[in-house]
Amino acid sequence: MKNEKSIQLFEKAKKFFPGGVNSPVRAFRSVGGTPIFIEKGKGAHVWDADGNEFIDYCGSWGPLILGHANDKVLNAVAKTMQNGTSFGAPTRLENELAELIISNNKYIEKIRFVSSGTEAVMSAIRLARGYTGRNKILKFEGCYHGHSDSLLVKAGSGLVTFGNTSSAGVPESFVQETIVVSLNNTKAVEEAFAQFMNQIACVIIEPIPANNGLLLQDKEYLQFLRDICTKNGTLLLFDEVISGFRVGFEGAAGYYDIKPDIVTYGKIIGGGFPVGAYGASKEIMASISPDGNVYQAGTLSGNPVAMSAGIAQLTECLKPNFYNDLAEKTETLVKGLSEIKTNDFKLFSVGSIFWIAFTKREKIQTAEDIDADSMKYFKSLFHHLLENGVYLGPSGYEVGFVNEAHTDADIQRTIEVFKLAMK
Ligand SMILES: *Cc1c(COP(=O)(O)O)cnc(C)c1O
């Protein structure tokens with residue numbers, strides 16, 4: 001595979017950006033080698049600066065559920081842009097996207113648009129604290145919620161711990177407000193509630209944890225969280241930045257039929273533009289400024305170009321059978337790959353999300369169950385796939401996404417390439 005142009009571009013990028021990138025995982029550190037610089041995308045395919053073509057399963061890390069450069073999204077964006085790109089005043093398009101979402105989602109009554117998933121979660125946490133008048137939050141090891149201070153925290157050793165910061169620059173005092181426990185562990189959560197009675201503002205979870213492998217939880221566990229939160233006057237916050245509009249229009253809440261108190265969205269909601277959102281009941285959302293005393297604002301929030309991309313994309317998602325077709329296609333891929341029986345190679349999947357793991361385990365439900373040493377197999381697999389025109393997110397901890405644009409031919413080709421790579 002030719003990659004001189006990507007190498008040149010990366011050398012130049014390293015002069016401008018830390019590690020040559022504007023978001024760390026793009027630097028290929030966990031798989032080694034040089035990142036490919038993307039020139040263009042169409043449907044399920046991307047082309048790099050050297051002219052190589054790839055079947056793409058990264059999909060910009062999830063947002064592109066229709067594939068790249070979808071005509072409906074592009075047309076909507078082009079039309080909106082003719083009238084200006086930002087006003088800092090309300091526009092009709094915000095109403096349209098909000099109505100589209102709320103009238104097709106029984107879990108939220110009001111919504112606020114922001115510009116990223118991180119911002120959505122950071123604001124939702126503030127809302128939970130403001131609404132309950134409590135400071136502490138409980139999160140799970142192995143769930144990612146963006147890079148705001150109180151969430152860059154990893155578990156210490158022990159059943160219930162305050163976390164250790166997982167980034168320099170996060171004050172110890174912030175971390176004192178974040179309790180971290182293992183996923184799939186009822187005892188740890190019960191213990192935390194016993195220890196910090198009436199102090200926990202919210203429990204935050206990715207109901208489908210998909211940022212550190214795919215750590216599928218049992219429905220009973222999510223129901224347990226729902227019940228213990230209700231009992232303790234604690235809000236249940238579903239971070240659906242990945243799962244929202246991905247496993248169904250109502251996300252994981254709809255998939256499991258469990259009602260969270262606050263939900264956050266990102267990724268798919270913006271049709272490939274920077275949009276995030278948080279939503280809840282009218283009563284909870286009444287705490288948000290200017291109705292309430294929880295302050296949150298944004299110069300580019302509800303940006304009209306981004307709103308029109310979101311409207312175009314989510315309108316497609318509402319077509320009959322959209323999610324069934326996507327799940328069926330994913331099943332074909334997963335079945336095809338699962339027939340390759342080497343090196344304890346396994347696939348875990350839900351809806352159109354899949355994760356490749358090298359493990360002897362039948363289930364992986366906690367971060368601790370992932371064998372860090374097995375990542376060497378992923379590294380080797382990744383480069384074989386790349387050489388043969390299949391692009392995955394460049395880390396064994398990342399999931400893959402099947403999008404509407406993947407054809408049967410793409411899926412079959414991918415299975416063939418995997419078979420060769422595994423040999
Ligand atoms: C991607 C993601 C975020 C962060 O969103 P950004 O847009 O990258 O800031 C937060 N939570 C979850 C569950 C995510 O998948």
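What follows is calculated from the coordinates using simple rules that are stated; it is not laboratory data. If you're wondering where the values come from, they're calculated on a predicted model, not measured in any experiment. Every residue, glycine among them, receives a Cβ derived from its backbone with ideal geometry; neighbour counts consider all protein chains shown.
Averaging 1/r across all pairs of distinct Cα atoms in segment 181-308 and inverting the result yields a Kirkwood radius of 15.9 Å.
Taking the charge dipole of the chain about its Cα centre, with +1 at Lys and Arg Cβ atoms and -1 at Asp and Glu Cβ atoms, the residue from N104, V175, T34 reaching farthest to the positive side is T34. Among H147, H45, the ranking by other beta carbons within 10 Å of each residue's beta carbon, starting with the fewest, stands as H147, H45.
Taking the average, over residues, of other Cβ atoms within 10 Å as the packing measure, peptides 157-167, 388-398, 101-111 rank 388-398, 101-111, 157-167 from highest down.
All distinct Cα pairs of segment 1-135 go into the 1/r average, and the inverse of that average, the Kirkwood radius, is 18.8 Å.
With viscosity 1.306 mPa s and temperature 10 °C, the Kirkwood radius over alpha carbon pairs of the chain converts through Stokes-Einstein to a diffusion coefficient of 71 µm²/s. Computed about the Cα centre, the dipole magnitude for segment 71-317 is approximately 200 debye when only Lys and Arg (+1) and Asp and Glu (-1) carry charge, each at its Cβ. Based on DSSP H segments of at least four residues, each scored -39500 (n - 2.57), the chain has a per-residue ellipticity at 222 nm of -10500 deg cm²/dmol. Taking 0.36 nm per residue of separation and subtracting the Cα-Cα distance, full extension of the segment from E39 to N293 would add 86.9 nm. A dipole drawn for the chain from +1 and -1 charges on Cβ atoms has a positive end, and of V402, Y377, A357 the residue lying farthest that way is Y377.
Computed packing ranks the peptides 249-258, 316-325 as 249-258, 316-325, most packed first, by mean other Cβ atoms within 10 Å. Comparing N303, Y221, S23 along the charge dipole axis of the chain, the residue lying farthest to the positive side is S23, per the Cβ-charge model. The length gained on full extension between E11 and T315, counted as 0.36 nm times the residue separation minus their Cα-Cα distance, comes to 105.3 nm. Direction-averaged projected area, Cα convex hull, segment 71-317: 13.0 nm², rounded to one decimal. Straight-distance candidates among the lysines for linking to K363, with alpha-carbon spacing under 18 Å and chain neighbours fewer than 8 residues away dropped: K219, K335, K341, K346.
Each peptide in 69-80, 270-281, 362-373 gets a packing score, the mean of other Cβ atoms within 10 Å over its residues, and the list from highest to lowest is 270-281, 69-80, 362-373.
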